[in-house]
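Only one structure is covered here, and it is reproduced in the block below.
The values are calculated or read from the model by the stated rules, or taken from the named source; none is laboratory data. This one's a predicted model, so the numbers in the text were calculated from it and none came from an experiment. Counting neighbours? That spans all protein chains shown, and the Cβs are built from the backbone with ideal geometry, glycine included. The accessibility values were calculated without ligands, DNA or RNA, using every heavy atom of the protein model including side chains. Shrake-Rupley method; radii C 1.70, N 1.55, O 1.52, S 1.80 Å.
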Amino acid sequence: VSRLVPYKRIDIAIEAFNKLGWPLKIVGDGMEKKKLMKMAESNIEFLGQNLTDEELIGYYKNCQAVIFPGEEDLGLVPIEAQACGKPVIAFGKGGVLETVVEGKTGAFFLPQTKEALIKCLKGLKVEKFKDDDCIKNAQKFTKEIFKEKFKKYAENCVK
């Protein structure tokens, strides 16, 4: 689930899944869509960006895991995936280091290459991740908790 722009590194996921031959569904649109579609083998499906919230949640809930190959300061997709009970396979830098728990709600790959992603995917046992662990972790990032923590921070700054 991503904008299809260069820094999101969707190309890494496509290259890895081309090599593995495993199914991959890509949600999103952007300047790289045509390039990425040309790269993709028949096991990769582009779903576009015009999904309803219910359709997107359905894809999250029915996947085995969500691939997050780019580096973001935060990244909402990993939190959304975990909120639906799904683990995240992510490039191990940036905000995911604070939002995904290695071995419990996801796994990290380094460096940012198709080879590293393939190695991570092949060594992964998706069934070891528990829906409840993912959901519980995602709940740390709700709007209500953010407001509560921000309020406490602001109060401590004023003292």
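Structure summary
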{"quantity": "The range 1-11, residues that are of a type in the set (A, V, I, L, M) and crowded, with 21+ Cβ neighbours inside 10 Å", "calculated": "VAL1, LEU4, ILE10"}
{"quantity": "Subset tally (residues that are in contact with a Gly (Cβ under 6 Å, 6 or more places away or on another chain) and either over 22 Å from TYR7 (Cα atoms) or of a type in the set (Lys, Arg) (or both)) for the range 95-142", "calculated": "3"}
{"quantity": "Yes/no for LYS86 being surrounded by fewer than 20 Cβ atoms within 10 Å (Cβ to Cβ) and basic (Lys, Arg)", "calculated": "no"}
{"quantity": "Search result, residues across the range 12-28 that are open to solvent by less than 20 Å² (accessible area, probe 1.4 Å), in a helix (DSSP H, G or I) and not aromatic (Phe, Trp, Tyr)", "calculated": "ILE12, ALA13, ILE14, ALA16"}
{"quantity": "Where GLY70 falls short, out of the listed (1) small (Gly, Ala, Ser); (2) under 11 Å from the mean Cα position of the chain (by Cα); (3) open to solvent by 80 Å² or more (accessible area, probe 1.4 Å)", "calculated": "(3)"}
{"quantity": "Options GLY58, GLY75; residue that is crowded, with 17+ Cβ neighbours inside 10 Å and under 18 Å from the mean Cα position of the chain (by Cα)", "calculated": "GLY75"}
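Quick grid of which residues meet (1) closer than 22 Å to CYS63 by Cα; (2) open to solvent by less than 50 Å² (accessible area, probe 1.4 Å); (3) in contact with an Asp or Glu (Cβ under 9 Å, 6 or more places away or on another chain):
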{"site": "ALA81", "(1), (2), (3)": "yes, yes, no"}
{"site": "PHE91", "(1), (2), (3)": "yes, yes, yes"}
{"site": "VAL100", "(1), (2), (3)": "yes, yes, no"}
{"site": "LYS104", "(1), (2), (3)": "yes, no, yes"}
{"site": "LEU121", "(1), (2), (3)": "yes, yes, no"}
{"site": "LYS125", "(1), (2), (3)": "yes, no, no"}
{"site": "GLN139", "(1), (2), (3)": "yes, no, no"}
{"site": "THR142", "(1), (2), (3)": "no, yes, no"}
